């Protein structure tokens, strides 16, 4: 292929420019390509993880309907091991804890509640698990441990509930003055929350009245 003088000059200029900047352009192109590929792979993996986790979670719900505890525990363990980063693992742990508790299997109930408290990816799942774990420990007369678990911070919507549980720890040991303090704090927060259910207020009112009533 033949080039005229002007084309030859342009080609020479391009070669000089490429020699100076070409490697940086290539590096940028590679970085962008790899970055996009990583992003696309990450998105694909998230979708795949969610789909796989949802199918296993269906087994948990099926097991709950049939009261098939071995199935529930196996599916929950699979979610905890393989899909810890999804919300399904936390939800399954709560279901497993509830069903095993009802069946009198307190060890597995506590195990799954502790997993949710420590590793669930959704704050609400952690907070619900914490409140239920406190109740479970109270039922086993493990008051010091229950007090320790209840003293941890929770997200704002669950503050009244954890305060109620702190009151439950004290009430279970007949420490009515201490229990009243926590019940009162929980009650005050509930009154400020327009979304608080009537049932939560009713239950807490019963407890508060039992230790001396509201101020």
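A few notes on this one:
- Both radii are taken from the alpha-carbon atoms of the range 145-215; with Rh as the Kirkwood radius, Rg/Rh is 0.95.
- Relative packing of 191-200, 178-187, 64-73, which averages over residues the other C-beta atoms within 10 Å, highest first: 178-187, 64-73, 191-200
- Kirkwood Rh and Cα Rg combined as Rg over Rh, evaluated for the range 48-121: 0.94
- Percent RCO, i.e. relative contact order, over the range 48-121, from Cα pairs under 8 Å lying at least 6 residues apart: 29 percent
Any read-out appearing in this document is the output of simple, stated calculations on the displayed coordinates, not a laboratory observation. Owing to the predicted nature of the structure, the values given are computational and were not obtained by experimental measurement. All Cβ positions, even for glycine, are placed from backbone atoms using ideal geometry, and neighbour counts span all protein chains on display.
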